[in-house]
Amino acid sequence: MTEDTQRTTSATTSTPWVGLKAAAFWPLRLVMDLVDRPLAWLQATFGQRAMVVFFLLPNLAIFGIFVMLPLVINVIYSFTGGSALFLDERVGVGFEQYQTLFDCRDFTDPFSCRQDAFWAGVYNTLTFMLLQVPAVALTALITALVLNREMRGRGFWRAIFFFPVLLSPVVVGLIWKWILERNGLLNALLNGLGLEGTVWLGDSFWAMFWAIFVSTWAHMGFYTLILLAGLQSIPRDLYEAAAMDGTSRPRALLRITLPLLWPTMLVVLILALIRAVQIFDEVYVLTGGGPGTSTQMLVQYIYQTGFAALLRNLGLAAAASILMGLVLMVLTLLQLGIAARRSREVAG
Amino acid sequence: MGAVRRFVLRRRGGDRWHWTDVVAWTWLVLGLILMLGPAIWLTLSSFKTRSALNEFPPTLLPLTTETRMVEGYEEPLELYRVTLEDGEERVLAQVRRVGIVAQMVDPDDPGERIDVPIAAREPVRTTELATENYTEPLERFAFLTFFYNSVFVTVMATVITLIVNSMAAFALSKYQFRGRGTVLIFILATLMVPLPVILVPIYVVINYLNLFDSLWGVILPTVATPTGVFLLRQYMLTIPDELIEAARMDKASEWKIYWRIILPLTAPALAVLAIFSVMWRWNDFLWPLVVLSQRELYTLQVGLNAFAGELNVQWHYVLAMTVLTMLPVVIIFVFLQRFITSGVASTGMK
Amino acid sequence: MAHRHLKFALTLLAGTLLASPALAQTEIRIMWYSDGNEGEVVADLLERFEAEHPEIDIVLDEVAYQTIQENLPVQLESGRGPDIARVTNLQTLNEHWLDLRPYLDDPAYWEENFGSFLDWMRPAGSDAIPGFVTQLTVTGPFINATLFQQAGVEVPEQGATWEEWIPALRQVAEATGVPIPLAMDRSGHRFSGPAISYGAQLIDDEGNPVVPDDGIRAMAENIVNWHQDGTMAQELWGGVSGTTYVGANQEFANAEVVMYFSGSWQIAQFANQIGDAFDWWAVPNPCGTAACTGMAGGAGLVGIAYTEHPEEVATVMEYLASEPVIREFTARTLFLPAHAGLAASGVDYVSDDPNVARALDVFLAEVGRLEPKAIAMQAYRFNSILYGAIITRLGQVVAGELTLDDALARMEVDIADQIAEASR
């Protein structure tokens, strides 16, 4: 355990805390003890397996009803057309929605496609993924390395970097939108330094740049913590041994730290990738998908087509989301495959 | 003072500055400005009046034009620093502006009316907080109701999340059974489904279950979090099996084992999940917006969005309300940051 | 013991008696959005209604416009929703409105005063009375007259064409250092007025869309050119995607815009926000080659078909549509009335701002100059599809993603596709 968690546990086991916890939790305890009777009977009658089912049931039920069921409904939607909401009023159209999505003269040019907004979404999301994930991983790594040094007040610095993670995506988007306005803070600062400001979010290159920047800003702290934990689990004596051998610091970093950190880094990359494919809220608030369609992401396309538009096209949106889900699945499986192979290598 | 000095000047490699020290300190200072700066700027901006917000370059602190009661006029008049034709600078009070000429009077000698071209005047400003940015929307909108709803949703959702997720994590970590891997993958798969994608189908399901326009319709779909299950499972894996075996030999039921042994031992991870859950539920926007129809049930995030009309983005209100939305999270953060950051660290990689 | 129980029972009884009026109350929910002060005004009016009708409890849900646009349609689709709603998409959602006719005391009053506007909210050929239009709006330009004065440029008269206006605007902007000579709401509806002035038909006599045609092309070319030479600011139209609405109220109120092409609903807001910071005038619509028209519009208050209390809904609607109430509503919100009686007799607007009076006069005059097509579009079932397609594609041209020819071709395909999907 790191010294911080030791301090934490000691703080929570001091007498006033214990008294407070006991007072707060007694109704809960009462309920739980009451529940024990029927459950003990259940276990006695149906064996341990029944208890396993019981433990898993609430969670799986919620997933099933509120995630899986809608997904299945979505799949069915993707084979229907019309503007009705309920399935029984919709018209079956086979693969027509998918065909509409894939109707392109030239797949490398989104604007040659019938649903150009969809393909713009695909390419923008791809660009975002390829740039944001390394960016956030790299900045998190550097920050973790910096924070890993012996320093007092590490908790303070950790908190500073974690702060933006707490903000809702809407707040994040609004804060930066306000700074990047034509008359905003950034332009004011640049003018103060004698440089020209510009309408940042009105330029397709800069809008994407800022979308990536803001997203990195908002989530870096979370990954920093994970990497920091990983760094701190590397035994110190390895470094001491290396120092005694006269190994330089950069070399130690390369040969000791990074390889041992790799499993943690992999977790970070997977999490960041999953989040990057689903990017919507922050960018939508920040740029609205503009200028033109240059920062419009795939999820925004689905949201606008299937929900926000006055005449919703649920079938088309569903088809697009199924395609997105398939790609996500492939990506994640690929990642996991590489991870499995890598850890086998490291272990072996 | 000595301790602070030592802290600030502490560096690796004894008393000499190594280049890694420079890099590290630059990174930290940059991080401080970049992470906290925007939020501070937001707060400062939220106290500026509407017209002050549109100035360029923006002032750091909120400023408003000073006013003064002048004899013979009912309303306080704004004060301006004026450069007259002969080059003299005076402070005058403005009565009204007509076209490109401002009619002004000397506040101490209000008899004489002086006409000044509007280009030759500059407002006299002082630092003042435009708190009406906060009070005006709150007067019209039932802030306390929204706040209560948000608290209700957050607390109930967190309690249920903790119970439901820990039960599942327990089953997945301490029992061997066929299909355990499948369940894990099933849960991982749900992580990959973003809400906007299944928005309309969930709406249909909610409708069917008659949970529409109810706070429970907001709470229930959100309580099973894959992150929570994995987090707790990781932590529970480190609890020695011998404890459980011993309890079983003492004829304790599985439920008792879960409730009396596992949960208390998982307390740090539960604390982390609780904090995350509070954060997530407090910031939920899209889902409550879709589910709720009656204004009395709106959560804070939804309620604060409600005064955005079609045709006006009132930045001064938006900024103030954004700060208010941010505030509870920030307060919790300040008090509990030790738990958050160390908790994530300790459970993240066990 | 008995003593205590008796006391308790009496308290309970008293409580029930006191509560019974409340129990017998019918709750009517109104979903309302505001651009300016309409929310306060209608809340005030409804309070008086409740005093006269204690059996009806009205709950006014003030929501964001986004909620009306995005959430309400989904709720209506699923057979839920409020009892009454203030909506702008009157035609597209017309299948969800309640026909009040059987519940009204005096349907003739409604036909007489709201006659032509009722077509905006019901299918062609129907004689249902779903509600009434709360205000008539007309699109048209506002100018910052103080800037014209400062620059020493004369304001063009009624009948001036866009070709005459644009150089004047640019001159004023240059002389006064203002960044944006012309701003227009990013909206297909706004664009359509000038397009019709250039001869656009939008729909033919059978109700089929005729997009794009020469009129649309002409105005689209104008818009593109104006963005390229800096007359219009890139970030307003080109800064967002799809059908996202972007207005320029803040920019105009901050004297950063010389001419803001928007509409009469801004009057109350400008009076509030601008005050006497500068003179803001409404001016007549600039002319194209064929006409000098804006577009008609308006929001309506409609009963929802899925309400459980249609009689009470009708009672509330009758109150709000009655002449004295509409008179007060219009006078305080500074809107143009969609009530024939009121339009004829005139309204005493509650404002001593000379800019307000001037603006109202100008827009009232513009109502008379509306082209028939500009009014008929409000009754066209798929008007939102047309507007959406126009603005999406035009926005992309401004953002540099499409060529104008491409955009015009795509507009046609978009409209055909969406109408086909909606008609399934």
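General observations
- Helices (runs of 4 or more DSSP H) (entirely within segment A:6-79) containing at least 3 residues that are at pLDDT below 80 and more than 7 Å from every other protein chain (Cβ to nearest Cβ): A:15-46
- Residue that is farthest from the other protein chains (Cβ to nearest Cβ), among those in segment A:143-153 that are surrounded by 19 or more Cβ atoms within 10 Å (Cβ to Cβ) and in contact with a helix residue (DSSP H, G or I) (Cβ under 6 Å, 6 or more places away or on another chain): A:Ala144
- The single condition among (1) within 30 Å of A:Val122 (Cα to Cα); (2) in contact with a helix residue (DSSP H, G or I) (Cβ under 9 Å, 6 or more places away or on another chain); (3) assigned to a helix (DSSP H, G or I) that A:Phe205 does not meet is (2).
- Restricting B:Ile257, B:Ile219 to residues that are of a type in the set (Val, Ile, Thr) and within 22 Å of A:Arg49 (Cα to Cα) narrows the list to B:Ile257.
- The set of residues in segment A:66-101 that are more than 29 Å from the chain's Cα centre (by Cα), free of Cβ contacts under 8 Å to residues at least 40 places away in the same chain and crowded, with 20+ Cβ neighbours inside 10 Å is empty.
- Of the residues C:Leu408, C:Leu370, the single one that is out of contact with any Ser or Thr (no Cβ under 9 Å at 6 or more places or on another chain) and touching a residue at least 24 places away in the same chain (Cβ under 8 Å) is C:Leu408.
- Segment C:240-265 - residue that is of a type in the set (S, T, N, Q) and modelled with pLDDT of 90 or more and, of those, farthest from the chain's Cα centre (by Cα): C:Ser262
- Each residue in segment B:171-200 was checked for being of a type outside the set (S, T, N, Q) and closer than 20 Å to B:Pro240 by Cα, and 6 of them qualify.
- Of residues in segment B:1-39 being at the interface with another protein chain (Cβ under 10 Å from one of its Cβ atoms) and outside any helix (DSSP H, G or I), the one modelled with the highest pLDDT: B:His18
- Any hit, segment A:196-205, residues being at pLDDT below 90 and of a type in the set (S, T, N, Q): yes
- The condition of being more than 26 Å from B:Pro58 (Cα to Cα), assigned to a helix (DSSP H, G or I), hydrophobic (A, V, I, L, M, F, W, C) and at the interface with chain B (Cβ under 9 Å from one of its Cβ atoms) holds for only one of A:Ile179, A:Ile226, A:Ile175, that being A:Ile226.
- The single residue among C:His53, C:His96 that is surrounded by 19 or more Cβ atoms within 10 Å (Cβ to Cβ), more than 14 Å from chain B (Cβ to nearest Cβ) and touching a residue at least 40 places away in the same chain (Cβ under 8 Å) turns out to be C:His96.
- Residue match in segment B:209-223 (condition: among the charged types (D, E, K, R) and surrounded by fewer than 21 Cβ atoms within 10 Å (Cβ to Cβ)): yes
- Hey, B:Val278 touching a residue at least 12 places away in the same chain (Cβ under 8 Å) and in contact with a helix residue (DSSP H, G or I) (Cβ under 6 Å, 6 or more places away or on another chain) or not: yes
- Listed by first and then second residue, the pairs linking a residue in segment C:331-356 that is in a helix (DSSP H, G or I) to a residue that is among the hydroxyl-bearing types (Ser, Thr, Tyr), with Cβ atoms under 8 Å apart and 6 or more places separating them unless they lie on different chains, are C:Ala331/C:Tyr349; C:Leu342/C:Thr330; C:Val356/C:Tyr349.
- Extreme residue, farthest from C:Gln273 (Cα to Cα), among residues of segment B:142-172 that are in contact with a Leu (Cβ under 7 Å, 6 or more places away or on another chain) and surrounded by fewer than 20 Cβ atoms within 10 Å (Cβ to Cβ): B:Phe152
- Residue in segment C:293-307 that is among the hydroxyl-bearing types (Ser, Thr, Tyr), in a loop (DSSP other than H, G, I, E, B) and either modelled with pLDDT under 85 or within 26 Å of A:Gly290 (Cβ to Cβ) (or both) present: no
- So B:Glu139, is it assigned by TED's automatic domain parsing to the domain that holds B:Val223, surrounded by fewer than 15 Cβ atoms within 10 Å (Cβ to Cβ) and not in a loop (DSSP other than H, G, I, E, B): yes
- Subset of segment B:277-307 that is part of a helix (DSSP H, G or I), crowded, with 20+ Cβ neighbours inside 10 Å and aromatic (Phe, Trp, Tyr) - its residue that is farthest from the other protein chains (Cβ to nearest Cβ): B:Trp287
- Considering B:Val95, B:Val82, the condition of being farther than 30 Å from A:Ile179 by Cα and in contact with a helix residue (DSSP H, G or I) (Cβ under 7 Å, 6 or more places away or on another chain) is satisfied by B:Val82 alone.
- Number of the condition not met by C:Glu154 [criteria: (1) over 29 Å from C:Asn37 (Cα atoms); (2) in contact with a Leu (Cβ under 9 Å, 6 or more places away or on another chain)]: (2)
- When C:Asn225 is tested against the conditions (1) modelled with pLDDT of 85 or more; (2) away from chain A (no Cβ under 13 Å); (3) under 24 Å from C:Ala296 (Cα atoms), the lone failure is (3).
- Of all residues in segment B:9-30, those that are surrounded by 10 or more Cβ atoms within 10 Å (Cβ to Cβ) have Cβ atoms under 7 Å from Cβ atoms of residues that are at pLDDT 55 or above and of a type in the set (Lys, Arg), 6 or more apart or on another chain, in B:Arg12/A:Arg149; B:Thr20/A:Arg249; B:Ala24/A:Arg149.
- Any chance A:Leu336 is surrounded by fewer than 24 Cβ atoms within 10 Å (Cβ to Cβ) and either closer than 22 Å to A:Leu85 by Cβ or at pLDDT below 80 (or both): yes
- When each of B:Val183, B:Val193, B:Val197 is tested for being without any contact (Cβ under 8 Å) to a residue 24 or more places away in the chain, part of a loop (DSSP other than H, G, I, E, B), surrounded by 17 or more Cβ atoms within 10 Å (Cβ to Cβ) and not polar (S, T, N, Q), the lone residue that passes is B:Val193.
- Conditions (1) part of a strand (DSSP E or B); (2) at pLDDT 80 or above; number of the one not met by B:Ala102: (2)
- Screening the candidates C:Ala200, C:Ala183, C:Ala218 for the property of being in contact with a helix residue (DSSP H, G or I) (Cβ under 9 Å, 6 or more places away or on another chain), in the same structural domain as C:Ala399 (by TED's automatic domain parsing) and in a helix (DSSP H, G or I) yields one hit, C:Ala218.
- Condition check for A:Ile160: within 8 Å of chain B (Cβ to nearest Cβ) and in a helix (DSSP H, G or I): yes
The values are calculated or read from the model by the stated rules, or taken from the named source; none is laboratory data. As the structure is a prediction and not an experimental result, all values here were calculated from the model. Cβ sites come from the backbone with ideal geometry, for glycine too, and all protein chains shown count toward neighbours.
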